[in-house]
Every structure is written in C-alpha cells, then in structure tokens.
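Notes follow the structure.
The values are calculated or read from the model by the stated rules, or taken from the named source; none is laboratory data. Note that the structure is predicted; figures quoted are calculated from it, not measured. Cβ placement follows ideal geometry from the backbone for every residue including glycine, while neighbour counts extend to all protein chains displayed.
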Amino acid sequence: MDWVNGIVQGVLVGGLFALFATGLSLIFGVMRIVNIAHGDMIIACAYLAFTIIQLSGLHPLVSLLIVIPIASLVGYLLQTAILNRTLGKDILPPLLVTFGLSIIVQNGLLEVYSADSRRLAAGPIETGSFPLARGIDIGYLPLLTFLTAVVVVAGLQFVFYRTEIGRSFRAVSDDPETSQLMGLDNRKVYGLAMALCLAVVAIAGVFLATRSNFDPFMGPSRLIFGFEAVIIGGLGNLWGTLVGGVILGVAQAIGAQIDPGWQLLAGHIAFLVILAIRPEGLFPRGAR
Amino acid sequence: MQEVTRATAASRFALASAIVLVMVLAAAPYWGSTASLRLLGEIMVYLALASLWNLLAGFTGLVSIGQQAYVGFGGYMLFTICISLGWNPLYAIPIAALVAAPISALVAVLVFRLNGAYFAIGTWVVAEVFRLGFAQMSSLGGGSGLSLPITVMREMASTKAEREALIYWAALLLGTGSITIVYLLLRSRIGLALTAIRDSEVASSSLGVSITRVKLLVYVAVAAATAMVGALVFMQKLRIAPNAAFSVTDWTAFVIFMVVIGGIGTIEGPIIGTLLYFVLRQFLADFGSIYLIVLGGLAILVMMVAPQGIWGFVANRWGLSLFPVGYRVKLQAMPAYNNGKENEYVGRNQAHRDVAAARRNR
C-alpha cells in the first residue's frame, strides 16, 4: 500500500511540475527562447507572496490576486525592455542574458531575504486530507495544486486556440515576418506572452511555497523539473506537459520509495530514458 | 599578384611576448611566494576552463551549462586513483581525460538530441545526475565528501614546496596548453569546418562538412580537457564533496561571465575576461553575492550592447588580431585604385573567403 500511496502522491506532485513547465513551454512555443531564469522567477514570486502576506496578513491563495498582476507586469517589462533586444537567429544572446538574470535573481533574493528557508502558512488546508482508500490519504492542498494545474493548462489551451491574443501568439510563432506584415506588433505580442508566462509562474511559486520550504537557490532545480516535464510530454503540447509532469512526479515518488537519496536521481533517469528511446517526447505536437 | 598570410605584425609581437611571458611564469616557483603561486595556479585553471567553454559555445555553438559535470568527474577520478591505487596524483590528470572522453561521448548521444536552447538545460541535467550519483557512492565519501591523504600527496614529492611547484606547473601547462590547442584547432581543417557551420549549417553540410561529427569531436575533446582541469583543481584543494565538485556557480557561471565579458567567439576574449575577473575579485570578493550580481549585470550589458565583448569591440575597432585564425589576402599594389597601399581583406567570420584562400594557398 505504501507503493500505491507513493505513486498517488507522485501524481499530485506532478501537477506542480506541470505548473513549472507550462510557462517554459509557452515562452519556447511563442518566441523560441529558453528562459534559464524561469525557476528563479518562480522562487522570486514565492518571496513576493511572502512579503505581501507579511504586510497584509492575507491567505497565500488570496495573495495571488496581488502577486499575479505584479509578476505579469514585471514579465511584460522584462520582455520589452531586455529580452526583445536579444531575439534573433542566434540562440546565444537570450540564453546568456537569462542565465545572467538567473544569477542576479538568486543573489538578489539572498541579499534581501537571507539564506533562511521560508514557508507560506496556508492554514487548515495545508495539513487536511481525506481518505481515498485504506492507507491512501489525499491532502487538500496537493489535490488543489493538481486541479489548478489542470485548470491552468485548459485555460492556456483556450487562450491559444480560441482567443484573438492566442491567434497572434501562434502567428508570431509560425512566421514572425508575415505576422508583422499583417499588422501585429511582434514585440508587444512577445511582451504579452511573457506576461502570461509570469502569471503562471506566480501561481506555481505560491503553490510551491505553501507546499514546501523554499530558499533563494531553489530556482535552478525547479527549472530543471519544468524542462524535464516539457521534454517528456513532447514539445509544444500543453496537455502532454501535464502528463510529463505526472510521469516525473511518479518517477520521483518511486525513487523515494527505494531510497530517499534516489528521489531526484530517479526523476532525472526517467527523463534520460525518454530522451534515449523517444527524443521527440511522448506526445509531440505533430502527432496530435 | 597576391599573397595569402595569417600572421600580422601584432600577432608576431603577441606570439613573441607570449613565449617570454610563459617563460617568466614557468619560473614563478623561484620568484613567487606560495600565495602568489596559488593565485597564478587558480588563474591558469580559469584560463583553461574559459578557453574550453569558449571553444564549445563560441566556436561550435554548443552552449553547455553542464561543464561542471566534467570538472567534478575529473576531481573524483583523482580521488579514486589516488586512494584506491595509491598512484602519484599527477598521473590522474591524463587518466581523467582518457576516462572522461568515452563517457562524454555517451552523454553526447543523449544531449545532442535536444535542440540548441534545450541542449543547455539538458547538459545541466546530466551534471545533476553526476552530482547525485557521486553523492550516492559511499566509498567516495557520499554526500559529505572526503580528503586526499597526505601519504598519497607524498607520492608526488616529499616536500610541500616541491608539491606546490609541481601542481603549479601542471596548472600552467593546462592553462597555456588549452589556449594553444584551441588556437591550433581553429587553424586546422576542423576550425575551417566550425567557421563554415557557424556561418551556414545548410551550406556547409552541402559542401560535405559532417556537422554532427565535428560537433561531437569538439564536445568530447572539451570534456576530456575539462576533466583534466578538474583533477588538477581538486589536487589544489585536497578535498572534494559533490556540491563543490559539481557547482554550477564555480565551474560554469563564472566561466560563462568571463567569456561573455571578454568576448565570446574570439581566442583573446576568454583571456581578457579571466584577467578582468581576477582584478574585479580583488575589490569585490568580500561582498560575495554582490560580486555575482555585478558580474551577471556586466555580462547582460555586454550581451546587449556589444555582444562581441571587450575583445570583439577592440578587434573591430582597430582590426587587431593577436591569434589570427583566418586568412588575410594581401593584394599587391594596384596604384590606380588604392594609392599604393596594401589592401587587406580580413577573412574573419567569412568561411567562403577562408576556404577560397586555403585552396589558393595549397
């Protein structure tokens, strides 16, 4: 029963990984860049929520109403002021600029908040759970995280395929020159994509921070989890990303059952195995 | 009449001064204090890492943020060889390269499946796997690591001063050797292929350049050399633990900043960047995280304002090249057009001119 319980919990953690991953996938899909600072932005949002909660006493989930708009605005400004200038044929500038950003965010957070690990207190839902079967308890918070991931993926899917802004995202992704000829301002579209990405990042950050302790240097491993979920699921497929997150979560849970030291290693190995046998991921966009 | 040449007056002068400088540095154990010897040794380590990463990212387009995998691997090879076999630690340096090469080839099979930007994170995952894997090996100290026993170090030399000198010379060899090898490699057929691939993958592959093979070759060579540097680093430190051995900050972030600030895709850039890093460190090291923020900010600024870095800026402005890898075609005077001055076409970045010049030169 321990094993089944471990796997069920792994599936629920997978929702959090999918939240890490969807923002990454969105940015790559629209402007073909990989944001190395993605994980650090998740942690920065967690700290932002931490500060807001300290000042206002709001519940973490309510604080999202403030964290999401601030994060989105920062994302828009970051894209239009800095990242847009690095876009081009060469992949080097955006990679290196976001890498620099990652180091700056980590050390900036360290300066402001010190290296102590923090946590957002979410009250009763944090520890509450209901029994699914004998030996399997579903925590309210993990379940809520998973459901949020499903809603976020469905929401992004809706935005991408059913709205005007989604149409412009797909247009600049498919052919930036033609979309410009058709009257789109690509730079603005990129800015909006980054703003949307940061909204998801904010949700991911707050759920991460209510679930476990966080410190300024946790960003890179969140980036890696998100990246692994994207590649396992298949590039460009948001629902695939959710499945990728779940697979990663289950792999880590199985690893942890074998030996606590194997938790992260098992997740990485699952990723490398998928890369070896199915490098295009389980559900690549072309196959949909 | 025309003449094809690679050297310039500046490059001849640079070569001569480099030889003198290396000779002076080689004599450092006789004129320098222990502290200065250690600092010079550390500079050499970063000179090697920066030149190697530059070859990988700047010339081959393989932007890896996982080179700490091979630094740490080299370090652990040193400890394995010294502790289980009791050999002279210096032997571990070439052995680390021999073992790292096939392993990096296996890694390449996996990470080469990821396209450019995702390749970067893929290499990072591999480095994490190395770190977590070595942390699981209790014979190598597990997560808390282990120290190199003094008895093993005595295999190298009996006195401390002699050991310091030997380690320093090994560092000097790796530092200057890395730059030399990168330089010679770029002047060879492989260098020509790399320039061609950078300018146009499609055109170069249609001309018969095997892109994957060239990239694989460079990746494996850089990994092997990085492992040698790793073995040396932990000979200097005498202690290893997974988090220090596979630190992304120490072995990749600093190195990337050095190369980007100095000038990525030039041979001179990493040298300038490394020296600048150590100068800045004298002033800012006490501030710890502020230093990293300053370096990161500088790197972003350079990438946005002058992506060719300090050296690229200097070279473009004054047409300077200390380590010429391209060819220059000197057209003999045609007075009507250029008043008797030599007309130089500098073939930097332009593979087709290089290829044409090389053909003429044959």
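Quick rundown of the values:
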{"quantity": "Set B:Thr176, B:Thr212: member being of a type in the set (Ser, Thr, Tyr) and within 18 Å of the chain's Cα centre (by Cα)", "calculated": "B:Thr176"}
{"quantity": "Lone unmet requirement of (1) more than 14 Å from chain A (Cβ to nearest Cβ); (2) within 27 Å of the chain's Cα centre (by Cα); (3) of a type in the set (A, V, I, L, M, F, W, C) for B:Val126", "calculated": "(1)"}
{"quantity": "Test: residue in the range B:66-76 that is aliphatic (A, V, I, L, M), touching a residue at least 60 places away in the same chain (Cβ under 8 Å) and surrounded by 24 or more Cβ atoms within 10 Å (Cβ to Cβ)", "calculated": "yes"}
{"quantity": "Hits in the range A:264-288 (condition: within 16 Å of A:Gly245 (Cβ to Cβ) and more than 9 Å from chain B (Cβ to nearest Cβ))", "calculated": "A:Ala266, A:Gly267, A:Ala270, A:Ile274, A:Gly281, A:Leu282, A:Phe283"}
{"quantity": "Residue count, the range B:179-196 (criterion: under 12 Å from the mean Cα position of the chain (by Cα) and either surrounded by fewer than 19 Cβ atoms within 10 Å (Cβ to Cβ) or of a type in the set (Ser, Thr, Tyr) (or both))", "calculated": "3"}
{"quantity": "In the range B:157-176, the residues that are surrounded by fewer than 16 Cβ atoms within 10 Å (Cβ to Cβ) and part of a helix (DSSP H, G or I)", "calculated": "B:Lys160, B:Ala161, B:Glu162"}
{"quantity": "Residues that are of a type outside the set (A, V, I, L, M, F, W, C) and surrounded by 20 or more Cβ atoms within 10 Å (Cβ to Cβ), drawn from the range A:168-190", "calculated": "A:Ser168, A:Ser179, A:Tyr190"}
{"quantity": "Check on B:Trp87, in contact (Cβ under 8 Å) with a residue 40 or more places away in the chain and over 17 Å from the mean Cα position of the chain (by Cα)", "calculated": "yes"}
{"quantity": "Positions within the range A:94-152 being within 14 Å of chain B (Cβ to nearest Cβ), of a type in the set (S, T, N, Q) and surrounded by fewer than 21 Cβ atoms within 10 Å (Cβ to Cβ), in sequence order", "calculated": "A:Ser114"}
{"quantity": "Residue list for the range A:142-155, restricted to those being touching a strand residue (DSSP E or B) at 6+ places or on another chain (Cβ under 9 Å) and among the aliphatic types (A, V, I, L, M)", "calculated": "A:Leu143"}
{"quantity": "Some residue of the range B:284-294 being touching a residue at least 24 places away in the same chain (Cβ under 8 Å) and in a helix (DSSP H, G or I)", "calculated": "yes"}
{"quantity": "Residue list for the range A:223-242, restricted to those being more than 9 Å from every other protein chain (Cβ to nearest Cβ) and surrounded by fewer than 21 Cβ atoms within 10 Å (Cβ to Cβ)", "calculated": "A:Gly236, A:Trp239"}
{"quantity": "Filter result for A:Ile231 (under 16 Å from A:Val34 (Cα atoms) and out of contact with any Asp or Glu (no Cβ under 8 Å at 6 or more places or on another chain))", "calculated": "yes"}
{"quantity": "Tally, over the range A:26-62, of residues that are outside any loop (DSSP other than H, G, I, E, B), small (Gly, Ala, Ser) and either under 18 Å from the mean Cα position of the chain (by Cα) or within 11 Å of chain B (Cβ to nearest Cβ) (or both)", "calculated": "5"}
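Each row is one residue, and each column tells you yes or no for (1) of a type in the set (Val, Ile, Thr); (2) modelled with pLDDT of 70 or more; (3) over 30 Å from B:Asp250 (Cβ atoms); (4) in contact with a helix residue (DSSP H, G or I) (Cβ under 6 Å, 6 or more places away or on another chain).
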{"residue": "B:Leu284", "(1), (2), (3), (4)": "no, yes, no, yes"}
{"residue": "B:Phe287", "(1), (2), (3), (4)": "no, yes, no, no"}
{"residue": "B:Ile290", "(1), (2), (3), (4)": "yes, yes, no, no"}
{"residue": "B:Gly312", "(1), (2), (3), (4)": "no, yes, no, no"}
{"residue": "B:Tyr327", "(1), (2), (3), (4)": "no, yes, yes, yes"}
{"residue": "B:Glu342", "(1), (2), (3), (4)": "no, no, yes, no"}
{"residue": "B:Gly347", "(1), (2), (3), (4)": "no, no, yes, yes"}
